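Undergrad: Dropping a structure here in structure tokens format, bear with me for questions.
The values are calculated or read from the model by the stated rules, or taken from the named source; none is laboratory data. Please read all numbers here as calculations on a predicted model, not as lab measurements. Here the Cβ is made from the backbone with ideal geometry for all residues, glycine too, and neighbour counts use every protein chain on show. Heads up: the accessible areas ignore ligands, DNA and RNA and are worked out on the full protein's heavy atoms, side chains in. Shrake-Rupley method; radii C 1.70, N 1.55, O 1.52, S 1.80 Å.
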Amino acid sequence: MTKDQKLRILVGTRKGTYVVEGNARRKTWQVAPVAHAGNEVYHVVADPRHPGDLYAAVNDIFFGPTVQRSRNGGKTWKEVATPLLPERKARKFEMDPVNPSTAVPRVINNLWHIEPGHPSEPDTLYLGADPHLLFRSPDLGGSWEPIDSINQHPAKKDWAPGFGGACLHTILVDPRDPRRLYIGLSAVGTFRSEDAGASWTPTNRGVLTPFLPEKNPETGQCVHHVAIDTADPDTFYRQDHGGMYVSHDRMARWTRIGKPLGDDFGFAVASPPSAPGRAYFVRLSGRARVTGEGHFQVQEWNDETRQWRKLLSPKAFPGHFGVQREGIATDALDPPGIYVGTTTGQLFFSPNAGKTWGKLPFQFPAIHSVSISNPTRS
Amino acid sequence: MVEVHFDSWLREFGPPARETVGAESIDQLLDTLEERYPRFRFKVRDEAGSLRRYVRVFVDGEDVSRTSGLSTPLTGARTIHILHSIAGG
């Protein structure tokens, strides 16, 4: 790997998209001028199948949501197609659940997550949106197909939104099989598909629902985010409203791992490709929704020893920090870098799996998402 | 024919600062503009055909966004302003 290969931290914020450039040494960083200034950017992601291609889920409060693409590492951006619900002439009326005699127009509220497809399907993208919507693009965002097995799911009338909305925020593709997909929906839970999204199985067994009277419902769990262990793609790490969990069987059953931490609430989780069996969580106070111990902290889960480890000294970054569901990311280098963005605009990073930590010398707006564009060999 | 004025944010989607359009209602006027400027589509109206929450339409200086809205007749009207509203934080 040569020194001029860029490692990019992609930061979606409440006020635009930021691309931070560094290299494999991960010591110095340069923040490029903001793009989509003033817009809520819920997710920015690189497409590793097409080096230099980035996608952003831009939610303009004035003029609606758009999918934006850059083909040059974030230097310039262009709107591509944005998925829409059926237009008014083609749609059935939806009825207002509060006043069932009233027909209400239904539109896409916000775009939440863009996921590049399997490497064997180099032009496929997936997109998750509110209200609980999943789309697939066969042509890198030139057009979008609704995945009606979710969008028209027979139980959908019973799916309620969480505080962040009715967001479909997690989309994972099995690296061994492009037909095996996983999704996570707020206040609904996770699902697995073995047939490229034609049908879905709820996968929430073992996940607590302290906010529901029923103890073990099939759905209704409020998943906050899920990370796949790419070295063992049957293993997943889940941050749920009801705690931190691991699954070793493609989400068939979940085991709570966060109980030793006490309050194991949080939103964000990541698992680095270069460190199998490791997952990083940012534990928050379930009541206050910020780091509850008075300092910034990342908890490392070791799935081999089944032990937790705190990665920061309490003295490193004192204060109360919020971290949203897409707020943590890892790079693909060895040792893995860890990157965490906060709701108050700090971007903390470790270039060495949590051994040492720094803070980018740049104040971002409130950070919604952090992801990594890894260096590639040319 | 009415003269339509666009603010600088809306001009990012194609229209010039002002444009002359023949239309009988705001809805029809927007249909015409969306045909002329494809990127303008879904920016002022959402896919359900409703005026977006933070966009305002004035007919000869009167804000019709929350009154007669998109069905406002343009008979005799001379000037339309399409503007983003006060919002954000």
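Undergrad: Compute, for chain B, the length of the dipole vector about the Cα centre, with Cβ point charges of +1 (Lys, Arg) and -1 (Asp, Glu) only. Units Debye, rounded to 20.
TA: In total the dipole reaches around 280 debye.
Undergrad: Which entries in the list A:359/B:43; A:75/A:157; A:156/B:43 go over 32 Å, if you measure between the two C-alpha atoms of each?
TA: With Cα atoms farther than 32 Å apart: A:359/B:43; A:75/A:157.
Undergrad: Of all DSSP beta bridges located in the range B:2-84, what percent are antiparallel, nearest 5?
TA: 75
Undergrad: Determine the sum of side-chain charges near residue A:54: Lys and Arg each +1, Asp and Glu each -1, restricted to other residues whose C-beta is under 14 angstrom from that of residue A:54.
TA: In short, +2.
Undergrad: Which of rounded, prolate or oblate describes the range A:302-378 when judged by the alpha-carbon gyration tensor and an a/c cut-off of 1.5?
TA: oblate
Undergrad: Across the range A:301-306, in residue order, what do the Karplus-derived ³J(HN,Hα) couplings come to in whole Hz, using 6.51 cos²θ - 1.76 cosθ + 1.60 with θ = phi - 60° and x for Gly and Pro?
TA: 9, 9, 6, 7, 8, 6
Undergrad: At each listed q (0.17, 0.22 Å⁻¹), what is the log10 of I(q)/I(0) that the Debye formula gives for chain B modelled as equal alpha-carbon point scatterers?
TA: -0.63, -1.13
Undergrad: Return one whole number: the accessible area per residue of the protein assembly as shown in Å², for a 1.4 Å probe.
TA: 44
Undergrad: Then there's this: Determine the shielding of peptide B:48-55 by partner chains: average, over its residues, the number of Cβ atoms on other chains within 10 angstrom of each Cβ.
TA: Shielding by partners across B:48-55 averages 5.
Undergrad: If you don't mind, another one. With unit charges on the beta carbons (Lys and Arg positive, Asp and Glu negative) and the dipole taken about the Cα centre of chain A, which residue among A:202, A:354, A:237 sits farthest to the positive side?
TA: A:354
Undergrad: A plus B alone minus the pair: what accessible area, both sides summed, probe 1.4 Å, in Å² to 100?
TA: Heavy-atom accessible area buried at this interface is about 1700 Å².
Undergrad: With the cut-off at 26 Å, tell me which of the pairs A:315/A:355; A:27/A:259; A:6/A:315 have Cα atoms farther apart than that.
TA: Beyond 26 Å between Cα atoms: A:27/A:259; A:6/A:315.
Undergrad: Next question, about the same structure. How far is it, in nm, from the label point at residue A:157 to the one at residue B:71 when both lie 7 Å from their Cα along the line to the Cβ?
TA: In this crude spin-label approximation the distance works out to 2.8 nm.
Undergrad: Right, something else. Based on the Cα atoms of the protein assembly as shown, what semi-axes does the equivalent ellipsoid have, where each is the square root of 5 times one gyration tensor eigenvalue, given in whole Å with the largest first?
TA: 40, 26, 21
Undergrad: Now for a different question. For chain A, what % of the accessible area comes from carbon and sulfur atoms, probe 1.4 Å?
TA: Answer for chain A: carbon and sulfur cover 52 percent of the accessible area.
Undergrad: Further question: Once the Cα atoms of the range A:239-320 are picked out, what are the Rg and Dmax in Å?
TA: Looking at the range A:239-320, its Cα Rg and Dmax stand at 12.8, 40 Å.
Undergrad: Next question. Mind jotting down the distance between the C-alpha centroids of the range B:17-78 and the range A:291-357, whole Å?
TA: 49
Undergrad: Quick check: from the Cα gyration tensor, does the range A:114-226 come out rounded (a/c under 1.5), prolate or oblate?
TA: Prolate shape, in that a/c is at least 1.5 and a/b is the bigger ratio.
Undergrad: Here is a further query. If packing is taken as the mean number of other Cβ atoms within 10 Å per residue, what is the order of A:115-126, A:311-322, highest first?
TA: Descending packing order for the listed peptides: A:115-126, A:311-322.
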